[in-house]
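Structure below; questions to follow.
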Amino acid sequence: MERSGEGKRSSKYKVEEEEEVEDEEEDEELDEFNLGDDGRKKMRDLYSKGGSSSSMAPSCQVEGCDSDLSEAKHYHRRHKVCEFHAKAASVLIAGLHQRFCQQCSRFHELEEFDDTKRSCRKRLAGHNERRRKNAS
């Protein structure tokens, strides 16, 4: 019997760790706006509340996709993209062929990506620059 309680406890901690990682990712995204701690907290509250009082279920922003995101992972709900389209090589948004950038968590036109990469050139260049600094 104790083993089942341990399993529940470890899965609880795993969920808490995932939420902490998501909060850290949100802080990194919000750091771009130089909001400070209070501003980041307000923006995080908006993210968690959905920023709207609408009772409509969240759905994917890709044209023609009617995926219900109400049961999706927090990441997919926050960015309004289903898991399929987050990983797709090309999607149609606003009449433009785009791809979801894993670094920016936004859609960009395909020209901003190298080959089949999942990160746009701008963010990938920054990532590579940071890695080179740490290696020296």
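Once the piece of chain linking Lys122 and His97 is laid out straight, how much longer is it, given 0.36 nm per residue of separation minus the C-alpha distance between them?
So the chain would gain 7.2 nm between Lys122 and His97.
Moving on. How would the stretch 57-132 be classified by its alpha-carbon gyration tensor: rounded, prolate or oblate, with rounded meaning a/c under 1.5 and the a/b versus b/c comparison settling the rest?
It comes out oblate by the Cα gyration axes.
Shifting gears a bit: Below 14 angstrom from the Cβ of Arg99, what's the summed charge of the other residues (Lys, Arg +1; Asp, Glu -1)?
Details: positive: Lys87, Arg106, Lys117, Arg118, Arg121, Lys122, Arg123; negative: Glu109, Glu111, Glu112, Asp114, Asp115.
Net of charged neighbours comes to +2.
Oh, and also: Extension gain Arg130-Ala89, at 0.36 nm per residue separation less the Cα-Cα distance, in nm? The partial results should precede the final answer.
Numbers: separation 41, 0.36 × 41 = 14.76 nm, distance 2.63 nm.
Using 0.36 nm per residue and subtracting the Cα-Cα distance, I get 12.1 nm.
Values in this text are rule-based calculations from the coordinates and carry no lab data. Predicted model, so just to flag it, every value in this text is computed and none were measured. Backbone-built Cβ (ideal geometry, glycine too); neighbour counts: all protein chains shown.
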